[in-house]
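> Here you go, one structure.
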Amino acid sequence: MALTPAEVRHIATLARLALSDDEMSRLGTQLSAILDHFEVLKDIDTEGVPPTAQSLDLHNVQRADVVTPSMSAADLELNAPRVEDGYLRVRAVLE
Amino acid sequence: MATIDLGRTAHEHAAALRAGEYTARALAEATLARVHAQDGDLNAYITFTDDLALQQADAADAALKAGQGGPLTGIPVGVKDLIGTKGVRTTAASNMLGNFIPPYDATVAQRLNASGAVTIGKTNLDEFAMGSSTEHSAFGPTKNPWDLARVPGGSSGGSAATVAARGVPIALGTDTGGSIRQPAALCGILGLKPTYGRVSRWGVVAFASSLDQVGPFARDAEDAAALLGAVAGHDPMDSTSAPLPVPDFTERFGRGLDGLRVGVPSDFFGEGLEDGVREALERSIDVLAANGAVINRDITLPTAQAGLTVYYIIAPSEASANLARYDGVKYGYSYLDGRNAEDEMSQTRGRGFGAEVKRRIMLGTYALSAGYYDAYYLKAQKVRTLIRREFDAALDQVDVILTPTSPNVAFRLNEKLDAPLAMYLNDLYTIPVNIAGNPGVSLPCGFSEGLPVGMQLIGRMFEESTLLGAAHGFERVTDWHRQAPPERG
């Protein structure tokens, strides 16, 4: 299944990945080849088979509703690229 | 003081430390000198933690002097740089996290520290653990100590290479589709992927959350049991960790191979398997049989072949969601000169991630996108159920399933770098085990073209002890695990 350049661009937009034209064209070819390979699943009968999300039979794991210490804001700010007055600064989202 | 033999295993060092042959400090100093000297060739480490190691070694000496400590007290260990370490840069081998210093320790790092182990450094990997060669590292490729022109496997190639090269006796890795077992095979050491849920994932940089597991590299089963025992167990911070007691993973040592029921599925010995690998495996099966194991060649796992395809839908899908957090706002690389908020985010991600990571994010985003979810992700999850059922049925008839770990020995650097499908095929035999969730171990079982061959044993859920017992039994009748790569420098 060959992906069109428009489809590759659309996926990159969804994934918020800025890609060069060269990357776009290489990824288009490589992803198409991988998607061809995915076709083998079509031949496997999964009628009535439930999906597996993970391999343990654990459901709705809960803990007691007790307050525990969390990391300090000052520690977390150490890795943040833009901090102002104790806030993470981002560019305006609405223009 | 006499020179310390760094070819020793962790349990041999532990005995020597207790006997007062040398101190943990002397062992740490000798180890640091060796791994630094080796790293020009191997590039197994991203960050060395000399100061931390010497502090931990002094604390270990104090504990040993007081008659305290356990099997890992004072033992040098390498830690894959995907595992968060408080105050120590944790990069995931990505430019995205090139300067990231975690404000907390992963649970496995906490437990490793509590065991008294001495952390020598953070080991190299494929970026975000995505790869089978450790070539996809922003810090350059790791080399195979058996042949520097070849890859060590991946993604935990740094941990595998430094253990194989007698740098450290043990190391931690992570395994999402084979990232412990395949490099263990290609470097000629033991690597174990525990059952999904056996070891906490909290604080480990997430790749594919339903598949990722932390596990040990070692040069024998006893050391692997000790390291797994130190880090395993339920963790309230990881709701997918299993609320089960941790056994003594050496509990099946001493039983030997007598009566061990070994299933050999022909599905795993088909096209694409190198002749030299097949021959080493067949000789090892003969060794097992000669020592009392019962070989069963009638078990089949026909759907497991599709595991590779299932994996390349599920893992990139989960990765595309997990890696959405790298947005340049909270931590990590940030591009600050964009036109607007969205452009900055896209530029941050486009510049911060390497080629393989971008490839997988694109693949996962596509598989999860509107109109394709049922055809890809949901279908893959259903096939996953079939694969689990096949493993369960096979393991009703046998105690362990034996397969090659990798279809080939270590390949040359750059050989598969631009051929993603050929690279992905390296994990054909290891991936189905992650899909099913079962534990798997790779142990050295021979050589082909002068390079190590690995044998994979797969066990029932939470039966790591059975795998390590079988590995220990095999070590007692073979000496593949004692083979060391050539000394250099």
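> In region B:338-378, what residues are within 8 Å of another protein chain (Cβ to nearest Cβ), at pLDDT 95 or above and not in a helix (DSSP H, G or I)?
Correct list: B:F353 only.
> For region B:300-336: of the residues being among the charged types (D, E, K, R) and over 21 Å from the mean Cα position of the chain (by Cα), which is most open to solvent (accessible area, probe 1.4 Å)?
Only one residue tops the list, namely B:R325.
> Has region B:165-185 got any residue that is over 8 Å from the mean Cα position of the chain (by Cα), under 17 Å from B:Y429 (Cα atoms) and of a type in the set (A, V, I, L, M, F, W, C)?
Yes, there is a match, as at least one residue in region B:165-185 is over 8 Å from the mean Cα position of the chain (by Cα), under 17 Å from B:Y429 (Cα atoms) and of a type in the set (A, V, I, L, M, F, W, C).
> For region A:79-91, give me the residue count where each residue is within 7 Å of another protein chain (Cβ to nearest Cβ) and open to solvent by 60 Å² or more (accessible area, probe 1.4 Å).
Residues flagged as within 7 Å of another protein chain (Cβ to nearest Cβ) and open to solvent by 60 Å² or more (accessible area, probe 1.4 Å) within region A:79-91 amount to 3.
> Among the residues of region A:51-78, count how many are within 23 Å of B:Q213 (Cβ to Cβ) and either of a type outside the set (V, I, T) or open to solvent by less than 60 Å² (accessible area, probe 1.4 Å) (or both).
First, the residues of region A:51-78 that are within 23 Å of B:Q213 (Cβ to Cβ): A:51-61, A:63.
From what is left, the residues that are either of a type outside the set (V, I, T) or open to solvent by less than 60 Å² (accessible area, probe 1.4 Å) (or both) are A:51-60, A:63.
Summing the residues that are within 23 Å of B:Q213 (Cβ to Cβ) and either of a type outside the set (V, I, T) or open to solvent by less than 60 Å² (accessible area, probe 1.4 Å) (or both) in region A:51-78 gives 11.
> Which members of region B:177-203 meet the condition of being in a loop (DSSP other than H, G, I, E, B), hydrophobic (A, V, I, L, M, F, W, C) and under 17 Å from B:R219 (Cα atoms)?
Scanning region B:177-203 gives B:I180, B:I189.
> Here's something else I'd like to know. Return the pairs, sorted by first residue and then second, in which the second residue is not in a helix (DSSP H, G or I), the first residue lies in region B:424-442 and is of a type in the set (D, E), the beta carbons are less than 6 Å apart, and the residues are 6+ apart or on different chains.
Every condition considered, the pairs that remain are B:D427/B:S132; B:D427/B:G177; B:D427/B:G178.
> Given the structure, is B:F207 under 23 Å from B:F411 (Cβ atoms) and assigned to a loop (DSSP other than H, G, I, E, B)?
So B:F207 passes the test.
> For A:R26, are the conditions met, namely being surrounded by 14 or more Cβ atoms within 10 Å (Cβ to Cβ), basic (K, R) and facing chain B (nearest Cβ under 7 Å)? Full working, then the answer.
Working: surrounded by 14 or more Cβ atoms within 10 Å (Cβ to Cβ): yes; basic (K, R): yes; facing chain B (nearest Cβ under 7 Å): no.
No, not satisfied.
> Same structure, new question: Scan region B:88-109 and give yes if some residue there is among the β-branched types (V, I, T), over 30 Å from B:R349 (Cβ atoms), touching a residue at least 12 places away in the same chain (Cβ under 8 Å) and buried (at least 24 other Cβ atoms within 10 Å of the Cβ), otherwise no.
no
> Restricting attention to region B:240-253, and to residues there that are of a type outside the set (A, V, I, L, M, F, W, C) and open to solvent by 60 Å² or more (accessible area, probe 1.4 Å), which single residue is nearest to B:R476 (Cα to Cα)?
Checking each candidate, the answer is B:R252.
> Would you check which residues across region B:258-299 are polar (S, T, N, Q), within 20 Å of B:D396 (Cα to Cα) and surrounded by 15 or more Cβ atoms within 10 Å (Cβ to Cβ) and list them?
Passing the criteria: only B:N296.
> Another question, then. With the condition kept exactly as written, say whether any residue in region B:203-215 is among the β-branched types (V, I, T) and within 14 Å of chain A (Cβ to nearest Cβ). Reasoning before the result, please.
Filtering region B:203-215 for residues among the β-branched types (V, I, T) gives B:204-205, B:214.
Checking which are within 14 Å of chain A (Cβ to nearest Cβ) leaves us with B:205.
Checking region B:203-215: at least one residue is among the β-branched types (V, I, T) and within 14 Å of chain A (Cβ to nearest Cβ).
> Next up: Within the set of pairs 6+ apart or on separate chains, which have a first residue in region B:298-325 that is under 17 Å from B:L363 (Cα atoms) and facing chain A (nearest Cβ under 8 Å), a second that is open to solvent by 10 Å² or more (accessible area, probe 1.4 Å) and aliphatic (A, V, I, L, M), and C-beta atoms under 6 Å apart?
What qualifies is B:T309/A:V40.
Condition check ((1) within 16 Å of B:A304 (Cα to Cα); (2) open to solvent by 40 Å² or more (accessible area, probe 1.4 Å); (3) in contact with a Leu (Cβ under 7 Å, 6 or more places away or on another chain)) across all residues:
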| residue | (1), (2), (3) |
| --- | --- |
| B:T405 | yes, no, no |
| B:V409 | no, no, yes |
| B:L417 | no, yes, no |
| B:P420 | no, no, no |
| B:M423 | no, no, no |
| B:M461 | no, yes, no |
| B:L467 | no, no, yes |
| B:G473 | no, no, yes |
| B:W480 | no, yes, no |
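> Tally the residues that are assigned to a loop (DSSP other than H, G, I, E, B) and open to solvent by 10 Å² or more (accessible area, probe 1.4 Å), restricting the search to region B:110-130.
Residues flagged as assigned to a loop (DSSP other than H, G, I, E, B) and open to solvent by 10 Å² or more (accessible area, probe 1.4 Å) within region B:110-130 amount to 2.
The values are calculated or read from the model by the stated rules, or taken from the named source; none is laboratory data. Predicted model only: the values in this text are computed from it and were never measured. Every residue, glycine among them, receives a Cβ derived from its backbone with ideal geometry; neighbour counts consider all protein chains shown. Please note that ligands, DNA and RNA were not included when accessible areas were found on the heavy atoms of the full protein model with its side chains. Shrake-Rupley method; radii C 1.70, N 1.55, O 1.52, S 1.80 Å.
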